[in-house]
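Please read the structure below before turning to the comments.
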Amino acid sequence: MADVLRDLGPVARDSKADVVVHAPSVPAQHVAELLGVPAVLATFQPGWVPTSAFPCPMVPLPRLPRFVNRATYLAVSATLRSFAGIVDDWRARDLRLPRRKGGHDLLHVAEGRSRLVLQAFSPAVAPVAPDWPESVRTTGFWYLPSGEWVPPARLAQFLDAGAPPVYIGFGSMAGRDAERTGRVVVEAVRAAEVRAVLATGWGGIDAAASSDVLVIDHAPHDRLFPRMAAVVHHGGAGTTAAALAAGVPQVVCPLVADQPYWAQRAHSLGVAPPPVPRPPARDRSATTASSARTAGRPRRRRSGRCRRGSPDGRG
């Protein structure tokens, strides 16, 4: 957090922005205060705006009585407030702003009015709470088109060489033993008798290429996923949305934060089998293989409906 704020200070002082849009993890509402412009909170998962309708999706909890639901959101706000001292020092030192009451409140401005919150997910995928204030707008997933993209020759040849492969990638989830994860993934690919494109991402998978496995660093999801038979991923909001938009089945291996929530939502929509825990142990390769094999036609039909209709946030 300290490094992020150190970089943000000079940018803030030189900015001529008319509005500051920021994620909850970056306390840029202070920059908006410095500039005298509105701050808009952009969230990519439910869990930041309390409701009595359901517990905080980012906190792993057993089933609770409904009257406890709103209190579960305190865990998320407490996590952010643990950085309050660092933020206060940065606010005074770099932004030269005095401390004020409610300075760490994401949902309200200094005068106590509700701040505009844009929730960048589809209400057809993540339920909308009836008691959220009018200042909260659920917009649908945000997609950034990749523009012109030509797959590298090696990838193009692999895609054209046989049946659509399964995409496997865990994004920013680096993992502690990328080689072991790679071995388990390759075992699952062979057991499922499929071809696969493995995306190494931030180092979560380390495997050797072969006739049925292609290893890449990354590729734009909006261009690659429509050519896949299924997508195996970590359950990040962006990857989940991209797979929904592509209309392909998913196998989700969640680890932290909101990933278990998106894994469960994909399963509830019928576009994914039950979540597969990560990190995978050797005896879980069969589970992963079975999930990849059974992410077939029924789920592909449901995924296609998601693409054509509202669950992808476009319709």
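If R0 is taken as 51 Å, the Cβ-Cβ distance between D160 and A78 corresponds to a FRET efficiency of 0.45. Computed from backbone phi, the HN-Hα couplings of the stretch 110-125 come to 4, 7, x, 6, 5, 8, 5, 10, 9, 9, 8, 8, 7, x, 7, 9 Hz, rounded to whole numbers (Karplus: 6.51 cos²θ - 1.76 cosθ + 1.60, θ = phi - 60°; Gly and Pro given as x).
Normalised by the number of residues in the chain, what is the relative contact order in percent for Cα pairs under 8 Å and 6+ residues apart? The normalised contact order for the chain reaches 14 percent.
Only one residue of A28, F225, G103 has its Cα farthest out toward the positive end of the dipole of the chain, where Lys and Arg carry +1 and Asp and Glu -1 on Cβ, and that residue is F225.
Restricting the GluC sites (Glu not before Pro) of the stretch 161-222 to loop positions (DSSP other than H, G, I, E, B) with no more than 10 neighbouring Cβ atoms within 10 Å leaves E193. Taken one residue at a time, the phi angles of the stretch 255-268 give Karplus couplings (6.51, -1.76, 1.60, θ = phi - 60°) of 10, 9, 6, 7, 4, x, 5, 5, 4, 5, 5, 4, 5, 5 Hz. Gly and Pro are set to x. Here's how it looks for V232: its modeled amide H is under 5 Å from those of Y167, I168, G169, V251, which are all 5 or more places away or on a different chain. Specify the angular offset, from 0 to 90 degrees and rounded to the nearest 10, of the alpha carbon long axis of helix 178-192 from the longest principal axis of the alpha carbons in the chain. Computed tilt is about 50 degrees. Counting 0.36 nm for each residue step from V4 to D177 and taking away their Cα separation leaves a gain of 59.5 nm. Full extension of the chain between A92 and R13 gives 27.1 nm of extra length, using 0.36 nm per residue less the Cα-Cα distance.
To the nearest ten degrees, helix 84-93 and the longest principal axis of the Cα atoms of the chain are 60 degrees apart.
To the nearest ten degrees, helix 2-14 and the longest principal axis of the Cα atoms of the chain are 60 degrees apart. Around the Cα centre of the chain, unit charges on the Cβ atoms of Lys, Arg, Asp and Glu (plus for the first two, minus for the last two) sum to a dipole of about 860 debye.
Between the residues V76, Q119, V37, the greatest Cα displacement towards the positive end of the dipole of the stretch 2-138, with unit charges on the Cβ of Lys, Arg, Asp and Glu, is found for V76.
For the pair V21 and A110, label points projected 7 Å from Cα toward Cβ lie 2.5 nm apart.
Each of the peptides 129-140, 247-258, 59-70, 7-18 was scored by the mean count of other Cβ atoms within 10 Å over its residues; in descending order, highest first, they stand as 247-258, 129-140, 7-18, 59-70.
Computed about the Cα centre, the dipole magnitude for the stretch 2-138 is approximately 280 debye when only Lys and Arg (+1) and Asp and Glu (-1) carry charge, each at its Cβ. Near T138, the amide H atoms lying under 5 Å from its own belong to Q119; only residues 5 or more places off or on other chains count, and H is placed 1.01 Å from N. What the phi angles of the stretch 159-170 give under the Karplus curve with 6.51, -1.76 and 1.60, with θ = phi - 60°, is a coupling list of 5, 7, 8, x, 5, x, x, 9, 7, 9, x, 10 Hz, glycine and proline written as x.
Values quoted throughout were computed directly from the atomic coordinates according to the rules given, and no laboratory measurement underlies them. Note that the structure is predicted; figures quoted are calculated from it, not measured. Counting neighbours? That spans all protein chains shown, and the Cβs are built from the backbone with ideal geometry, glycine included.
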